[in-house]
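Below is one structure, written out as structure tokens; comments come after it.
Each value in this text was obtained by applying a stated rule to the coordinates, not by laboratory testing. Given the structure is predicted, the values throughout are model-derived calculations rather than measurements. Backbone-built Cβ (ideal geometry, glycine too); neighbour counts: all protein chains shown.
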Amino acid sequence: MQLREWQSECVYHALEHFHADQRHFLCLATPGAGKTIMAAEVAAELFEQDLIDFVLCFSPSVNISQSIKKTFSHRLECRFDGVIGSIGCSYTYQGMLSFKEDFWQLLKRNRVLVIFDEIHHCSGNSLEDANAWGEEILLNIQEQAQYTLALTGTPWRSDQAPIVLSRYLDPDNQIQCDYVYGLKEAVRDGVCRNPKIVLIDNEELSVTNQDNEIQTFRSLDDLFKGSSISYQSVIKNDLAIHHVLALAIDKLKSIRQVNPDAAGLVVASSIAHASHILEILKKTFQQTATIVTYQETNPSDIINEFRHDNTHWIVSVGMVSEGTDIPRLQVCCHLSRVKTELYFRQILGRILRKTEAIDQQAWLFIFAEPKLVEFAHRIELELPSDHVVIREQKLSDNIEFTAPTYDKKSSPLVNQPHGFTMIIGDLFDKKQVNSLSNQIIKDAQVTSSSTLSIELLGKFREKVISTFDSPFNSE
């Protein structure tokens, strides 16, 4: 298999690291760059040099685990399912919790390489501050594994907890990665698509309380600062939903004229929200669409089918946010209630993976909520400005971090500044949503004093952030 330049370089650094008796290696590589292929090559080299006997891989979801299994089996030319005759196996982090002592004896009796995909899901620099998955790693892998290779595209956690097996330097507790391959470099090398982020705003928003008192705001920023209206009320507003879908559908239509297999993703905030969006896509816009949530009996099958068919859209709640490889995705609408930088970048990562198709555009549509705007403007930074919190833990504090789960009974936990071109104005055709201009939607939020309603009276406006390819600095 022909490796990309960054993959070859990272393999070299990892092997040098291990040869120097340093057992834990952390690779930060932007989503879509090909981390799994790189990791499989490291394993192949260690087998070739007779430095390991077995490989274990762990990842956040069944879908990712299956993809890893396929990649490693192909590269190592051997079964990778854990049965007799195989030289490795791929598991989920959730599955790790069910392993008994006899399983962990494998690491004590053999030279095992353990690979962690999206390692940021596992927290803790000690048993006192570890989540469930981090605790298993600290107890059964950290000292027992011959080598560990940790992979991530977003090396931090929204709770600012330390990532397991990672090193942090004083005084700011900044994470130390052993190899970094960022989005800017990936775009430069033609490894990833160059994303464009569309910030959607409205020039006149009217809020009415139960006493019929009216406030008017000129932007979403002003709305959130000056009223009790929530961001969730905006992403659930029918006029807003129709508008963002109209923009995204128009963009996908133009891409599909060249790439007939191109597809779009809508990340919704709840199952009810996703179902409503699915209905709009099908009935209002006559788009082919499917839905995948954590309550489906076969979400992996749904994703796999969508990966290879010609359906226009997939609407997801927490199932296509990270690590899921659907290269034909080129347009995405971020309509989730989750507003962390970690989740924002994970969603953006779903449309970055390049294919052999002619048109390699990547478009992310979001509403101009202040935090999301900030994240969009600093996408060039590989690490956020917030540092992890590492403190001595007293047993009496009784602090516990709960690991995210990906089973059917509970929702999965979901858990930058120069070189931009900004274009402001009416960039898209809005005829499809003009008929909805007077619609009012009730805000589900009940404040301490009143129930509010919001009305979108003004024109929508868009700001396009085009990253990495502008000779001008943003103002």
For the range 5-187, whose charge dipole is built from +1 on Lys and Arg Cβ atoms and -1 on Asp and Glu Cβ atoms, the candidate among Asn140, Val42, Phe58 with its Cα farthest towards the positive end is Phe58
Simple spin-label estimate for Arg461/Arg337, 7 Å along Cα→Cβ, in nm, reads 3.0 nm
Given Cβ charges of +1 for Lys and Arg and -1 for Asp and Glu, the option among Ser254, Val266, Ile291 whose Cα lies farthest towards the positive end of the dipole of the range 243-301 is Ser254
Taking the dipole of the range 5-187 about the Cα centre (Lys, Arg +1; Asp, Glu -1; charges at Cβ), the one of Cys27, Ser158, Ser98 that reaches farthest to the positive side is Ser98
Between Glu9 and Arg218, Cβ-based FRET efficiency (R0 45 Å, step 0.05) works out to 0.35
The distance between the Cα centres of the range 1-72 and the range 168-239, in whole Å, is 34 Å
Between Gln295 and Glu143, the FRET efficiency computed from the C-beta separation at R0 = 60 Å comes out, to the nearest 0.05, as 0.95
Yeah, the range 161-308 with a ≥ b ≥ c from its alpha-carbon gyration tensor (a/c under 1.5 is rounded, else prolate when a/b outruns b/c, oblate otherwise) is oblate
To the nearest 20 debye, the range 5-187 has a Cα-centred charge dipole, built from +1 on Lys and Arg Cβ and -1 on Asp and Glu Cβ, of 480 debye
Magnitude of the Cβ-charge dipole (Lys and Arg +1, Asp and Glu -1) of the range 255-379 about the Cα centre, nearest 20 debye, reported as 320 debye
Between Gln22 and Gln210, the FRET efficiency computed from the C-beta separation at R0 = 45 Å comes out, to the nearest 0.05, as 0.10
Distance in nm between Asp359 and Asp53 label points, each 7 Å along Cα→Cβ, equals 5.5 nm
DSSP beta bridges in the range 5-187: the antiparallel percent, rounded to 5, is 15 percent
One point scatterer per Cα, no solvent, Debye formula: log10 I(q)/I(0) for the range 5-187 at q = 0.10, 0.17, 0.19 Å⁻¹ comes out as -0.36, -1.12, -1.44
Inverse of <1/r> over all distinct C-alpha pairs of the range 1-49, i.e. the Kirkwood Rh in Å, gives 11.1 Å
Protection proxy (average C-beta count within 10 Å per residue), highest first, orders 67-80, 332-345, 305-318 as 332-345, 305-318, 67-80
To the nearest 20 debye, the range 152-214 has a Cα-centred charge dipole, built from +1 on Lys and Arg Cβ and -1 on Asp and Glu Cβ, of 620 debye
A chain fully extended from His276 to Asp309 at 0.36 nm per residue, minus the present Cα-Cα distance, gains in nm 9.6 nm
Taking a label point 7 Å from the Cα of Cys78 along Cα-to-Cβ, the residues of the range 38-57 whose backbone nitrogen sits under 12 Å from it are 43-56
Other residues with Cβ under 13 Å from the Cβ of Gln7 give, with Lys and Arg +1 and Asp and Glu -1, a net charge of -3
